[in-house]
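Report on the structure given below.
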Amino acid sequence: MPATGASRSLKARELRRFARWLVAVNLIVGAMLGLTVFHSLRTSRQIHEARARTATENLVEGLKAGIWAKLNRVDGALLSTGFRLKHIGSRGPLDLAFVKQVLAEQKSLVPEIESLWITDALGNVQPGAGVPPFQTVNLGDREYFRRVRDEAADALVVSEPTHARISKKWVLVLARRLSNLDGSFAGIVYANVAVEEFHDLFKSLSVGRQGAVTLRTESLRLVARYTPGDNGGPPPVGSANVSPELAASLKVSPAQGFFVSRTKLDNIERTNSYRRVHPFPLYVLAGLATAEFFSQWRADAAVQVALASVLMLVLLGASCGVYRSRVRQYRAQQEVSRLVDEQGLMLNNELIGILRLKAGQIMWANKAIETMFGHPLQDLVGYTTRVLCGDDEAYDRLGKAAYTHLASGSPFRAQLLLRKKNGSPIWVDASGALMADRAGESLWVMLDVTQTRLQQQEIERAALYDSLTGLPNRRLLHERLELCLHGRRRSEHLLAVAFMDLDGFKPINDTHGHETGDVVLCTVARRMQAGMRAGDTIARIGGDEFVLIFADLKGQEDCMSTLERILAVIREPIPVLGKSPCAVSASIGVAFLDEEHATACTLLATADVAMYRAKKAGGNQVCCGEAEACVV
Ligand SMILES: Nc1nc2c(ncn2[C@@H]2O[C@H](COP(=O)(O)OP(=O)(O)OP(=O)(O)O)[C@@H](O)[C@H]2O)c(=O)[nH]1
């Protein structure tokens, strides 16, 4: 069944639908995979964020406790000093030795204190250890001094980060009031805590290479900052430059909080927690770098994304493979359809007949067989090939020859003479071969070669027979003579060859025309044929020359009497249509096969010579080629 254009385009549509389906499956699987990975990564990031927050909160809680303890010890030293130096100015001149002793004792008890001093009511630092001799250091302009002096209550004052005038270091100053007996302001006792003092505490914390720990005053001025990787250079002590996220969080939650921000100092994003170091006006902050804290998460994310990508690539590759294989299948189907179409056209041609046979029975035949033999297809299919053969004998002969050949494994090829439905003969060039995939079945191809065959016969005839008289020509004469000579050697009977030439033929041509001459030649030929036996041969070898072969003579007399009869029938008047009858005679030379004349050449030559003798002798007679032969 040939594939139609419609069924082909249907298959092309199916292929496009399959491609769309594959794309859709890939998109859906890709989307699901992407969503799964996204959800998994978001969840694990949230877990990491929660862990980061907990870690920074734990860090900052520890810091807060450490700083509180430090400053509490410093404040304790201030309180003790204040207590021991209470009203000391009211009892007369200052006992500097005692003051120095007290300050030294307290300082030695609290290692965090870088220096411990008192001032008078004007802010002049009383001379002591670390103060250059003959030099007056006045703190009256210091903000913490004014606050201690101006606040009536005996409260601890913590300064902003201050550059110390004596040690030249950045310090945090803790100060308390000294009073006279009447309660008036006598000066301050203050302790400088170097900002480096906090670094030791900060260093003990594990914040990674890019983490940061910071101490700020209530006004957010930087007191100390520590980053293990020393990111961003030396800390700008005293600077109040903070991230907007910290400022916003403090507004909402002044005591403690959590925020994520990118630090301007080193441009590193961190997850931070902060705590107020109550009762001190200080904030501690601990931050873990997002990049570090999320490095594991990032590695996990990279692995998950890579796995998902590989999975997607594998799916894509498999889809491409499946699609390509479907395309190949589609192309193969197209090719098969094309071949089926071509085969259909070939099978249904009008020229070459095709038959499929099984055990001599016609299983299938094409239109050309119908045309060639004239049998309708329904009269062929299901019947044996006997209907195509002339008779049972021809059918059996053909069957034996063909199937013996096919059984040997080689195809059969022959020109066969078969019969049409109307009984007329038909020559076919037939070729048959066993079908490999169908047991016992054979395929036959037939071409009508009747015309070729007839033309061939005509050509063969023209080569062997005289076109005017229909008698054998010189070539066939020689073949037959050789054949006779070959058979004669085993025969007892006599063989003779007679050479005959008409007498007076030329004048007939000249007088009555060539057509009349032709009539005379044909009449003479017919008469001679009528007077000879079936096994004898009469041939025309030239204009008015004939040769006769007598193959089965009982004796020379038998031959001579026949030739005499021939001379007689030739002499009879020959009627010519519309003209007066013509008359001719003949001169005949005959040679008999014997030891001396044993070949065709010698026989013909002898007969020829004898014929000339007959003609010289006046014609209309037979001369024998042997010496003793008599002229009849
Ligand atoms: N009509 C006709 N004439 C032919 C044909 N072939 C040859 N001839 C003629 O036959 C004649 C033969 O010549 P000759 O053998 O001399 O004829 P003839 O008159 O019988 O002479 P002799 O044989 O000597 O007796 C020639 O005139 C040829 O032209 C032919 O096929 N048809």
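Only the coordinates and a few stated rules stand behind these numbers; no lab work does. Small disclaimer: the values here were computed from a predicted structure and weren't measured. Reconstructed Cβ throughout: ideal geometry from the backbone, glycine too, with neighbour counts over all protein chains shown.
For this structure, a couple of remarks:
- Tail weight of P(r) past 17 Å, computed on alpha-carbon pairs of the stretch 267-312, percent: 57 percent
- Normalised alpha carbon radius of gyration of the chain [divisor 2.2 N^0.38 Å]: 2.77
- Assuming charge only on the beta carbon of Lys and Arg (+1) and of Asp and Glu (-1), the dipole of the chain about its Cα centre is about 4660 debye to the nearest 20.
- D (Stokes-Einstein, µm²/s), Kirkwood Cα radius, the stretch 372-431, 1.567 mPa s at 4 °C: 105 µm²/s
- Taking the Cα centre of the stretch 96-220 as origin and assigning +1 to Lys and Arg Cβ atoms and -1 to Asp and Glu Cβ atoms, the resulting dipole is close to 300 debye.
- Sites residue 349 and residue 400, calculated FRET efficiency, Cβ-Cβ separation with R0 25 Å, nearest 0.05: 0.25
- Its alpha carbons give the stretch 80-223 an Rg and a Dmax of 16.4, 58 Å.
- Of all lysines in the structure, the ones whose alpha carbon falls short of 19 Å from that of residue 168, not counting any fewer than 8 places away in one chain, are 107.
- Integer Hz, Karplus 6.51/-1.76/1.60 couplings in order for the stretch 210-224, x for Gly and Pro: 10, x, 8, 10, 9, 10, 10, 7, 4, 7, 6, 6, 6, 9, 8
- q = 0.17 Å⁻¹: log10 I(q)/I(0) that the Debye formula gives for the stretch 394-477, counting C-alpha atoms only: -0.81
- The stretch 159-241 - Rg over Rh from alpha carbon coordinates, Kirkwood radius: 1.12
- For the stretch 549-628, GluC sites (Glu not before Pro) meeting the loop criterion (DSSP other than H, G, I, E, B) and having at most 12 other Cβ atoms within 10 Å: 595, 596, 628.
- One chain, two ends: residue 312 and residue 580. Fully extended at 0.36 nm per residue, the span grows by 85.1 nm beyond their Cα-Cα distance.
- Reachable lysines, given that their alpha-carbon falls under 26 Å from the alpha-carbon of residue 367 and they are not under 8 places away in the same chain: 358, 420, 421
- Residue-span extension gain [residue 165 to residue 601] - 0.36 nm each, minus C-alpha spacing: 140.9 nm
- The helix-only estimate of mean residue ellipticity at 222 nm for the chain, built from DSSP H runs of length n ≥ 4 each weighted as -39500 (n - 2.57), is -15500 deg cm²/dmol after division by the residue total.
- Projecting the Cα atoms of 21, 156, 457 onto the charge dipole of the chain, computed from C-beta unit charges around the Cα centre, puts 156 farthest toward the positive end.
- In the stretch 255-328, the trypsin sites (Lys or Arg not before Pro) that fall in loop regions by DSSP, at most 15 other Cβ within 10 Å: 264
- Restricting the stretch 543-613 to trypsin sites (Lys or Arg not before Pro) that sit in a DSSP loop and have at most 14 other Cβ atoms within 10 Å of their own Cβ leaves 554.
- Local electrostatic count at residue 616 - Lys and Arg +1, Asp and Glu -1, tallied over other residues with Cβ under 12 Å: 0
- Taking 0.36 nm per residue of separation and subtracting the Cα-Cα distance, full extension of the segment from residue 58 to residue 155 would add 31.9 nm.
- Computed from the Cβ-Cβ distance with R0 of 51 Å, the FRET efficiency linking residue 33 to residue 73 stands at 0.30.
- Label zone of residue 299 (point 7 Å out along Cα→Cβ, amide N under 17 Å): in the stretch 210-227 this covers 210.
- For the stretch 377-486, averaging the sequence separation of C-alpha pairs within contact (under 8 Å, six or more residues apart) and dividing by the residue count gives a relative contact order of 14 percent.
- Along its principal axes, the stretch 463-606 has C-alpha extents of 52, 33, 24 angstrom, given from the largest down.
- Relative contact order of the chain, taken over Cα pairs closer than 8 Å and 6 or more residues apart, is 8 percent.
- Evaluated at q = 0.11, 0.14 Å⁻¹: base-10 log I(q)/I(0), Debye formula over Cα of the stretch 245-386: -0.75, -0.86
- Estimated FRET transfer efficiency when R0 is 30 angstrom, pair residue 479-residue 424 (beta carbons, to 0.05): 0.45
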